[in-house]
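Since the structure comes first, as structure tokens, the remarks are kept for the end.
The values are calculated or read from the model by the stated rules, or taken from the named source; none is laboratory data. Quick caveat: nothing in here was measured; it's all calculated off a predicted structure. Note: ideal-geometry Cβ built from the backbone for every residue, glycine included; neighbour counts use all protein chains shown.
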Amino acid sequence: MNPENPYGDQPGPANEPGQPGWQGQYGNPIPPKKSRKGAWWAAGIAVVAVLAILLFLWPGWLISKDSSPNSGPGGQVAVDQSTPEATAKSVVGLLNAGDVKSFVSQTVCADGQVKADDGVALRAEEQLYQGVPTFDPQELQSVRNAKATFSLDTVRDAKPSDPDYQAGSQVAQLSVKFSNVDPRDKEKLADQVGILTLFNDNNKWVVCQMGFVPADEVPGSIPQDPDVNSPTGRAQGFIAAINAGIGPSAKTYLCPNSTFTADSINKLMQSNAQLELGGKVEPPTVGNTNNAQLKIWKTVNGQQTRMGGLMQKDPKIGWCILALGETTGGK
């Protein structure tokens, strides 16, 4: 085993630029959740889920000059598409006003404005209904009586660790909170985070990918494990030590026979690397349950690369890092 590349040459992630489909982190697709009316994507476009939820893709590279018709402000909300931030703020304003029609017709690219398989809702509407069912005209009245409030969290450059990375795109993150919720609908109306990917279409920024996930399951964001001795908790402790530049602390997370050495840690810190856990560290439920795959994103000077490794449960120190190195073949 090459200690600098413990898993050998790996294929690039499915989220390489130009590859359609919203894939799981590190290119591991998860089967899609079916929509309320069956398959909602036509024309053979592959649809996959991230973290057991459905994310909707309209291929932004198919946008055309007519993809964002703008016949004027939607209702009482002025629509500005001059920058990614302006479009994201317009989306928030339109959805808070309940103006789904203007949201689709004015801020969504062409692929989201065609009929879904059910022949009733548009593709963008169908995905919005799944993430925010209060808008769904076919939902129970108790669900529709609840109120969804949207707010804009961040707008940033897309980065390779995003589930469907496209160079030159921007990612907007929205928070969705529900109020006036019937107790029977609490599970269905849990707080959500909306992930929108925007593309520049003839000097107008349009939404070409959209999905919603539970607030504690945002792609690329792994909640802190309350059990500091779990595989995930130990990995997070190692990452926190590296990011803080505390070498001696980081070394305590290495297995006695680790191929990732103190010198490796020093090199990471000398490069001012910042690490991010790429997914929960979960040992298999059968077979060798004392090993677990480790996935990390490393950022140096604004550039992200992948690291892969292995954690092992040592009888004396518990879960520790046995191997960690750069992976090849992808961003």
State all residues of segment 138-158 that are surrounded by fewer than 16 Cβ atoms within 10 Å (Cβ to Cβ) and in a loop (DSSP other than H, G, I, E, B); if no residue qualifies, say none. Gln138, Leu140
Which condition does Cys320 not pass, out of (1) of a type outside the set (Asp, Glu); (2) surrounded by 18 or more Cβ atoms within 10 Å (Cβ to Cβ); (3) in contact with a helix residue (DSSP H, G or I) (Cβ under 6 Å, 6 or more places away or on another chain), if it passes all the others? (3)
Answer residue from segment 92-135, given it is under 16 Å from Leu174 (Cα atoms) and among the aromatic types (Phe, Trp, Tyr) and is modelled with the highest pLDDT among those: Phe103
Can you confirm whether segment 176-197 contains a residue that is surrounded by fewer than 16 Cβ atoms within 10 Å (Cβ to Cβ), outside the structural domain of Lys298 (by TED's automatic domain parsing) and of a type in the set (Val, Ile, Thr)? no
For segment 210-232, does any single residue satisfy the condition of being touching a residue at least 12 places away in the same chain (Cβ under 8 Å), surrounded by fewer than 18 Cβ atoms within 10 Å (Cβ to Cβ) and of a type in the set (D, E, K, R)? yes
Can you report the number of residues in segment 265-288 which are at pLDDT below 90 and either touching a Pro at 6+ places or on another chain (Cβ under 9 Å) or part of a helix (DSSP H, G or I) (or both)? 1
Which count do you get for residues in segment 159-175 that are small (Gly, Ala, Ser), surrounded by 19 or more Cβ atoms within 10 Å (Cβ to Cβ) and assigned to a loop (DSSP other than H, G, I, E, B)? 2
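Yes or no: Arg306 in contact (Cβ under 8 Å) with a residue 40 or more places away in the chain and either part of a helix (DSSP H, G or I) or over 28 Å from Ile195 (Cβ atoms) (or both)? First the steps, then the outcome.
On the way: in contact (Cβ under 8 Å) with a residue 40 or more places away in the chain: yes; either part of a helix (DSSP H, G or I) or over 28 Å from Ile195 (Cβ atoms) (or both): no.
No, not satisfied.
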Give all pairs with beta carbons closer than 9 Å in which a residue from segment 153-179 that is without any contact (Cβ under 8 Å) to a residue 40 or more places away in the chain and closer than 30 Å to Val143 by Cβ meets a residue that is in a strand (DSSP E or B) and among the aromatic types (Phe, Trp, Tyr); count only pairs at least 6 apart in sequence or on separate chains. Lys177/Phe150
Somewhere in segment 249-260, is a residue surrounded by fewer than 18 Cβ atoms within 10 Å (Cβ to Cβ) and touching a strand residue (DSSP E or B) at 6+ places or on another chain (Cβ under 6 Å)? no
Can you find, within segment 136-168, the residue that is nearest to the chain's Cα centre (by Cα) among those that are at pLDDT 90 or above and among the hydroxyl-bearing types (Ser, Thr, Tyr)? Thr154
Residue match in segment 246-264 (condition: assigned to a helix (DSSP H, G or I), out of contact with any helix residue (DSSP H, G or I) (no Cβ under 6 Å at 6 or more places or on another chain) and under 24 Å from Gln304 (Cβ atoms)): yes
